[in-house]
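Pasting a structure here, questions to come.
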Amino acid sequence: MKFGILILEGPYQHESSDSAYHFAKAALEKGHEVLRVFFYQDGVLNSTKLMEPQADDRHIQRQWSELQEQYDLDYVVCVAAAKRRGINDDVIGPGFKIGGLGMLTEVAIEADRVVQFGA
Amino acid sequence: MLHLVNKSPYDSTGLESASKYAGKSSGILLFEDGVYAAMSGTAYEDRIKEIMGDHDVYALKEDLDARGIADRVVDGVKQITYPDFVDLVEQNKVASWS
Amino acid sequence: MIVFRKAPYGSIYAFEGLENVLIMGAYDQDVSILFIDDGVYSIKDGMDTEAIGIKNFSPTFRAIEAYDIEKLYIDKESLESRGLSVDDLVIEPKVIDASEVEALMEEQKNFFMF
């Protein structure tokens, strides 16, 4: 099945990004496709490579970037939400790209299911 | 349909709304802080049992374990893991309540 | 379907949800909009946000019709329990009860809930 994933909350403050990550990983391990992960609202903050959590904690941006590399995933960070929050091409980690909100509509059309995490 | 609920029932109306608008054949999956609704010996226990009269109720084991309440889940709530979560979403349209 | 469940201004969910509505409408998708729970507050009339310094986005809801999004619904119980009626709103969504909300949801493919 083709999944789209939508993340609305930022890293650490909420569990949403972690839940979405575990869901995406489980879906990929089952052989499903994840067409796109769309980062919206505070979810755009998951993309910044400037985050520096303590060494014994997970690094949310890096774990997303590693999953992207492993499965060649498509990560889109909403440009309008990103601009509001100081996220741009200079700060996003590997595997993320900034794109329009229309790319959420596209995945809603193309995917069998879009699963929303957060709000 | 499958309704995802990620907030504690003491904090949010998410579970009440999900159960109000959910069709009788639809399931409710509690995860993140939503899993507290599945805990036994609580003020919410009678209510979750009532909801279970109309809906299949699932709780995510990873989140129950994280919160130390996996051994206090109301009878009849189905404990599931992330791979089961994926299967449920494959089988059902999904709406997220918070 | 896009569902508004949160009040405006206290958080940004509703405003960015509205941006999503406008984009989906521009893609010529068959979009339905539903206001339930605190989402009904987003379309209350008479808002004046000047003193809190946040943009009043309720007029933008009126623009929805310009995008040919005509399937606007509001939950009766959410509206009435908050002491509101359709006369208090900036747009005129169709008032439906919980069983109609349930039926409407069953018809949809995707849910974006803000």
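Could you run the numbers on buried accessible area between B and A, total for both chains, 1.4 angstrom probe, in Å² to the nearest 100?
On the way: alone 5160 and 6460 Å², together 10110 Å².
That pair hides around 1500 Å² of surface in total.
Along its principal axes, what span do the Cα atoms of chain C show, with the longest given first and each in whole Å?
42, 33, 22
Under a plain spin-label model, where a point goes 7 Å from the Cα along Cα-to-Cβ, how far apart in nm are A:Asp112 and A:Lys49?
About 3.5 nm separates the two model spin labels.
Related question: How many partner chain Cβ atoms sit within 10 Å of a residue's Cβ in peptide B:82-89, on average, as a whole number? Working shown, then result.
Values: counts 10, 7, 1, 6, 13, 3, 0, 10.
Averaged over the peptide's residues, the number is 6.
When Lys and Arg each count +1 and Asp and Glu each count -1, what net charge do the other residues less than 14 Å away from A:Ala20, Cβ to Cβ, add up to?
Details: positive: A:Lys25, A:Arg36, A:Arg58, A:Arg113; negative: A:Glu9, A:Glu15, A:Asp18, A:Asp42, B:Glu32, B:Glu62, B:Asp63.
The answer is -3.
Something else: Express the accessible area of the stretch B:1-96 per residue in Å², computed with a 1.4 Å probe while the remaining protein chains stay in the model. Display every interim value, and only then the final one.
Values: 3770 Å² over 96 residues.
Accessible surface, normalised per residue, equals 39 Å².
I'd like to check one number: the per residue accessible area of chain C, probe 1.4 Å, reported in Å² as a whole number.
On the way: 5270 Å² over 114 residues.
Per residue, chain C has 46 Å² of solvent-accessible surface.
A further question on this structure: Averaging over all projection directions, find the projected area of the Cα convex hull of the stretch A:3-70 and quote it in nm² with one decimal place. List each step's numbers first, then the result.
On the way: hull surface 17.9 nm².
The Cα convex hull of the stretch A:3-70, projected and averaged over all directions, gives 4.5 nm².
If I take the Cα coordinates of the protein assembly as shown and project them onto the principal axes, what are the three extents in Å, biggest first?
53, 52, 38
At 7 Å along the Cα-to-beta-carbon direction for both C:Ala103 and B:Asp54, put a label point, then send me their distance in nm to one decimal.
The modelled label-to-label distance comes out at 1.6 nm.
Accessible area of chain A with a 1.4 Å probe: how many percent of it is carbon plus sulfur? Don't skip to the end; give the middle numbers.
Details: 2080 of 4870 Å².
Ligands and nucleic acids excluded, carbon and sulfur give 43 percent.
Would you work out the charge dipole size for the stretch B:1-80 about its Cα centre, treating the Cβ of every Lys and Arg as +1 and the Cβ of every Asp and Glu as -1, and quote it to the nearest 20 debye?
Numbers: 9 positive and 14 negative charges, 35 e Å.
Dipole of the stretch B:1-80, to the nearest 20 debye: 160 debye.
Next question. Largest first and to the nearest Å, give the Cα extent of the stretch B:2-97 along each principal axis.
31, 27, 22
Partner chain Cβ atoms within 10 Å, averaged over the residues of C:14-21 - can you pull that number for me? Walk me through the numbers before you get to the answer.
On the way: counts 0, 1, 10, 4, 0, 6, 10, 0.
Rounded to a whole number, the mean comes out at 4.
Further, regarding this structure: To the nearest whole number, what is the average tally of beta carbon atoms from other chains within 10 Å of the beta carbons of peptide A:14-21? Write out the running numbers ahead of the final one.
Working: counts 4, 6, 4, 0, 3, 9, 0, 1.
Shielding by partners across A:14-21 averages 3.
Short version: which residues of the stretch C:61-109 lose at least 50 Å² of accessible area, all chains versus chain alone, 1.4 Å probe?
Residues shielded by partner chains are C:Glu102, C:Met105, C:Glu106, C:Lys109.
Kindly count the pairs of lysines across chain A whose alpha carbons are less than 15 Å apart, treating pairs on different chains or eight or more residues apart as eligible. Walk me through the numbers before you get to the answer.
Numbers: A:Lys2/A:Lys25; A:Lys2/A:Lys30; A:Lys49/A:Lys97; A:Lys83/A:Lys97.
Taking chain A as the scope, the lysine pair count is 4.
Which part of the stretch A:1-43 falls in the paramagnetic zone of C:Ala63, meaning amide N under 19 Å from the point 7 Å along Cα-to-beta-carbon?
A:41
Using the Cα centre of the protein assembly as shown as origin and beta-carbon charges of +1 (Lys, Arg) and -1 (Asp, Glu), tell me which of B:Thr42, A:His22, C:Ala7 is placed farthest towards the positive end of the dipole.
Positive-end residue among those listed: A:His22.
With no solvent and one point on each alpha carbon, what is the Debye value of log10 I(q)/I(0) for chain A at q = 0.10, 0.21, 0.23 Å⁻¹?
Calculated log10 I(q)/I(0) at the listed q: -0.25, -1.19, -1.44.
Starting from the amide H of B:Leu29, placed 1.01 Å from N in the peptide plane, find each other amide H under 5 Å away whose residue is 5 or more places distant or on another chain.
B:His3, B:Leu4, B:Val5, B:Tyr58
The values are calculated or read from the model by the stated rules, or taken from the named source; none is laboratory data. All values reported here derive from a predicted model rather than from experimental measurement. Ideal geometry is used to build each Cβ from the backbone, glycine not excepted, and the neighbour counts take in all protein chains shown. Surface accessibility is based on the protein's heavy atoms, side chains included, excluding ligands, DNA and RNA. Shrake-Rupley method; radii C 1.70, N 1.55, O 1.52, S 1.80 Å.
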